[in-house]
Amino acid sequence: MSGVDGVQDEVDRIVTAWERERPDLDVTPLTVLSRVSRLSRHLDLARRAVFARHGLETWEFDVLSALRREGAPYRLSPGALLTQTLVTSGTMTNRIDRLTQRGFVSRMPSPEDRRGVLVELTELGRTRVDGALADLLDEERMLLAGLADEDRSRLADLLRSVVAPFDAH
């Protein structure tokens, strides 16, 4: 088994071995999902390196970027942050505490609910997340440099069709 231009990757070798050892099984899902899994690991390492250059952990970038995407005045309730970052309430409380200590966010009373609180991105947090995002996009552009524009678009469409059912839940 070989890919484009006769190039083989580790997944090709894995699939070939499974086909030899278990010819009774259809191992074709591995040709896609093992590559997605391996790509995920490589992307995670690249992202961690970019965020580390900006003094951020991945989870910090996730929370700060959720606030940044909200637009001015860059505020969300802890519940909205939970929804966007897919963590538990206790985890989010801990994360907000840590981000507050670092000066990246501040807490403020909710104008709609006297008992509620909003988390607001500080200027330091905004500067940090903006720099990390710019570098992340440069890194991700390089990771996709081997694909033509139309191939990137097609790949994005195909991956969307696989991921969308998970996001619907």
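Some notes on this structure:
- For Glu19, the accessible area of its heavy atoms, probed at 1.4 Å with every protein chain present, is near 80 square angstrom.
- Among the trypsin sites (Lys or Arg not before Pro) in the stretch 97-152, those placed in a DSSP loop whose Cβ has at most 16 other Cβ atoms within 10 Å are Arg102, Arg114, Arg115.
- Given charges at beta-carbon only (K, R positive; D, E negative), |dipole| of the stretch 53-138 in Debye: 240 debye
- Ile14 - accessible surface, heavy atoms, 1.4 Å probe, Å² rounded to 10: 60 Å²
- Across the stretch 39-111, C-alpha contacts under 8 Å between residues 6 or more apart give a mean separation that, scaled by the residue count, equals a relative contact order of 18 percent.
- Value of [θ]222 nm, deg cm²/dmol, for the chain, DSSP H segments ≥ 4, -39500 (n - 2.57) each, nearest 500: -21500 deg cm²/dmol
- Computed about the Cα centre, the dipole magnitude for the chain is approximately 800 debye when only Lys and Arg (+1) and Asp and Glu (-1) carry charge, each at its Cβ.
- Helix 58-69 and the longest principal axis of the C-alpha atoms of the chain enclose an angle of approximately 60°.
- Net charge of neighbours whose Cβ lies under 11 Å from the Cβ of Thr31, counting Lys and Arg as +1 and Asp and Glu as -1: -3
- Rolling a 1.4 Å probe over the heavy atoms of the protein chains gives the chain an accessible area of 68 Å² per residue.
- When you restrict to C-alpha pairs under 8 Å that are six or more residues apart and normalise by the size of the chain, the relative contact order lands at 17 percent.
- Taking a sphere under 13 Å around the Cβ of Arg69 and counting the other residues whose Cβ falls inside, with K and R at +1 and D and E at -1, yields a net charge of 0.
- Apportionment of accessible area to carbon and sulfur, the chain, percent (1.4 Å): 56 percent
- Packing-based ranking, highest mean first, of 153-159, 74-80 given that Cβ atoms within 10 Å are counted: 74-80, 153-159
- Net charge of neighbours whose Cβ lies under 15 Å from the Cβ of Glu120, counting Lys and Arg as +1 and Asp and Glu as -1: +4
- Taking the charge dipole of the chain about its Cα centre, with +1 at Lys and Arg Cβ atoms and -1 at Asp and Glu Cβ atoms, the residue from Leu147, Ala134, Ala17 reaching farthest to the positive side is Ala134.
- Degrees separating the helix 10-21 axis from the principal Cα axis of the chain, which is the longest one: 50 degrees
The values are calculated or read from the model by the stated rules, or taken from the named source; none is laboratory data. All values derive from a computational prediction rather than experimental measurement. Glycine gets a Cβ as well: all are built from the backbone with ideal geometry, and neighbour counts include every protein chain shown. With ligands, DNA and RNA removed, areas are computed over all heavy atoms of the protein, side chains included. Shrake-Rupley method; radii C 1.70, N 1.55, O 1.52, S 1.80 Å.
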